[in-house]
């Protein structure tokens with residue numbers, strides 16, 4: 001990173017932390033230089049190509065399909081760069097505020113994804129307001145002041161609470177003993193933990209200010225905190241505290257990066273010091289978006305919460321650059337509902353359509369023209385299902401079962417079909433171009449007019465193609481591929 005740009009980041013940090021004003025246009029200038037440093041030459045060409053593809057898909061589907069940018073970061077040198085400032089001069093927009101893209105930080109881990117969810121979704125609140133906050137150099141907030149944020153969130157989730165899809169638990173304000181007791185194994189599964197209070201990065205460690213058993217403050221480091229978040233049900237930890245998004249020299253020394261590294265699927269944290277009012281508005285915006293029927297994914301909600309918190313004007317302050325989304329993955333639902341549990345009356349992002357779930361049981365189901373594009377469906381069972389005209393573009397379908405299924409005109413481009421079983425399936429007029437087909441089973445399948453790349457690839461990588469039913473054109477291509485050159 002150019003030294004002059006690093007100095008600009010330090011100036012930005014000072015302005016945000018000291019609540020100073022920034023020269024108008026300063027954020028655009030710094031963000032533009034950061035964009036040029038990241039996207040140059042062939043990388044920039046590739047970026048605009050993918051951005052164009054995302055825009056075309058959004059238009060064709062009639063819904064928002066942003067380009068999801070995953071920043072794989074290691075250590076503090078790149079981790080603490082304010083990537084949310086990326087500013088595309090050609091479009092005159094910040095990527096973190098754009099409807100065309102989302103930003104997610106990764107620390108290079110995937111890990112086993114938690115089990116499927118059963119309703120209701122439990123949201124826990126951890127509120128820390130020790131009596132001696134000023135001793136640690138923090139502004140003093142009473143417990144009641146911090147509980148105002150809980151009230152705001154509960155109003156945002158009110159509809160889902162009434163429907164029984166969400167339970168907002170009583171806030172934990174009793175300090176470390178109450179927090180440790182709630183996080184013990186055997187307790188009701190907790191899916192979201194919202195933390196309110198003070199955070200900092202000191203002594204090479206991210207730290208949270210807790211109350212001890214006597215109400216006095218104590219700073220607990222990232223290593224301690226991550227050992228407390230051991231419930232397998234946990235999906236999202238929202239650290240609405242200053243400096244909780246700061247990276248340390250290693251990925252286990254920052255609060256947010258440490259949690260994701262140790263297995264928490266997603267963490268929202270603040271990389272800078274932010275005013276309490278901004279933090280509250282951001283939280284309200286986030287949960288309001290999550291609670292909407294047909295809500296977008298978590299990265300899109302984070303983008304929307306930024307806009308809501310600054311009322312759409314990024315030049316008012318730099319506070320909106322502070323929130324960051326850390327995640328293991330950015331291309332799968334954060335909340336996956338067990339199909340056996342059913343859905344709330346108004347499906348929200350807490351309960352996406354069951355067909356989006358890995359290992360989904362869709363046997364004998366009717367999914368005509370359904371949209372499964374980009375979904376994780378490895379091992380799913382669609383035997384005898386009607387999938388006419390369905391889109392599986394880019395979906396993960398390894399070892400999926402489509403025996404006797406109907407898939408005429410199905411879109412399987414770029415899908416991972418390795419080991420998938422299409423025995424006796426009807427896939428006439430389906431499109432499998434650019435798909436991964438090694439081990440694909442086609443015994444007795446009806447494959448007339450199916451679109452595929454090369455016949456050589458088809459006959460060398462699939463199993464049972466000889467017994468499949470082909471149209472004359474396809475047979476000619478296959479016979480030609482069998483003739484030695």
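The values are calculated or read from the model by the stated rules, or taken from the named source; none is laboratory data. Note that this is a predicted model, so its numbers are computed, not measured. Reconstructed Cβ throughout: ideal geometry from the backbone, glycine too, with neighbour counts over all protein chains shown.
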Inset, instruction - Go through the stretch 368-385 and count every residue that is farther than 22 Å from residue 465 by Cα and either in contact with a helix residue (DSSP H, G or I) (Cβ under 7 Å, 6 or more places away or on another chain) or not in a loop (DSSP other than H, G, I, E, B) (or both). - result: 5
Legend entry - Index of the failed condition, residue 184 passing every other in (1) crowded, with 16+ Cβ neighbours inside 10 Å; (2) without any contact (Cβ under 8 Å) to a residue 12 or more places away in the chain; (3) within 24 Å of residue 225 (Cβ to Cβ): (1)
Inset, instruction - Please go through the stretch 452-462 and pick out each residue that is more than 34 Å from the chain's Cα centre (by Cα), in a helix (DSSP H, G or I) and touching a residue at least 12 places away in the same chain (Cβ under 8 Å). - result: 455, 456, 457, 458, 459
Legend entry - residue 154 being modelled with pLDDT of 95 or more, closer than 20 Å to residue 298 by Cβ and not in a strand (DSSP E or B): yes
Inset, instruction - Confirm whether residue 134 is without any contact (Cβ under 8 Å) to a residue 12 or more places away in the chain and not in a loop (DSSP other than H, G, I, E, B). - result: yes
Legend entry - Criterion violated by residue 449 - all others in (1) part of a helix (DSSP H, G or I); (2) farther than 19 Å from residue 418 by Cα; (3) in contact (Cβ under 8 Å) with a residue 12 or more places away in the chain satisfied: (1)
Inset, instruction - Report the residue count in the stretch 95-107 for those that are modelled with pLDDT under 90 and under 14 Å from the mean Cα position of the chain (by Cα). - result: 2
Inset, instruction - Among the residues of the stretch 394-414, write down those that are touching a strand residue (DSSP E or B) at 6+ places or on another chain (Cβ under 8 Å), over 19 Å from residue 447 (Cβ atoms) and in a loop (DSSP other than H, G, I, E, B). - result: 395, 398, 399
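Can you confirm whether residue 397 is without any contact (Cβ under 8 Å) to a residue 24 or more places away in the chain, within 27 Å of the chain's Cα centre (by Cα), in the same structural domain as residue 365 (by TED's automatic domain parsing) and more than 16 Å from residue 463 (Cα to Cα)? It would help to see each step written out before you state the result.
Values: without any contact (Cβ under 8 Å) to a residue 24 or more places away in the chain: yes; within 27 Å of the chain's Cα centre (by Cα): yes; in the same structural domain as residue 365 (by TED's automatic domain parsing): yes; more than 16 Å from residue 463 (Cα to Cα): yes.
Here the answer is yes, as residue 397 does meet what is asked.
Hey, could you check the stretch 355-367 for residues that are part of a loop (DSSP other than H, G, I, E, B) and in contact with a strand residue (DSSP E or B) (Cβ under 6 Å, 6 or more places away or on another chain) and say which is nearest to residue 441 (Cα to Cα)? Talk me through it step by step, then tell me what you get.
Initially, the stretch 355-367 is screened for residues part of a loop (DSSP other than H, G, I, E, B), giving 357-360, 362-365, 367.
Restricting the remaining residues to those that are in contact with a strand residue (DSSP E or B) (Cβ under 6 Å, 6 or more places away or on another chain) gives 358, 363.
Working: 358: 20, 363: 18 Å.
It comes out as 363.
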Inset, instruction - Looking for whichever is surrounded by 20 or more Cβ atoms within 10 Å (Cβ to Cβ) and either in a loop (DSSP other than H, G, I, E, B) or free of Cβ contacts under 8 Å to residues at least 60 places away in the same chain (or both) here; the options are 139, 129. Which one fits? - result: 129
Legend entry - helices (runs of 4 or more DSSP H) enclosed by the stretch 187-301 - at least 2 residues per element that are within 18 Å of the chain's Cα centre (by Cα) and surrounded by 21 or more Cβ atoms within 10 Å (Cβ to Cβ): 255-261, 276-290
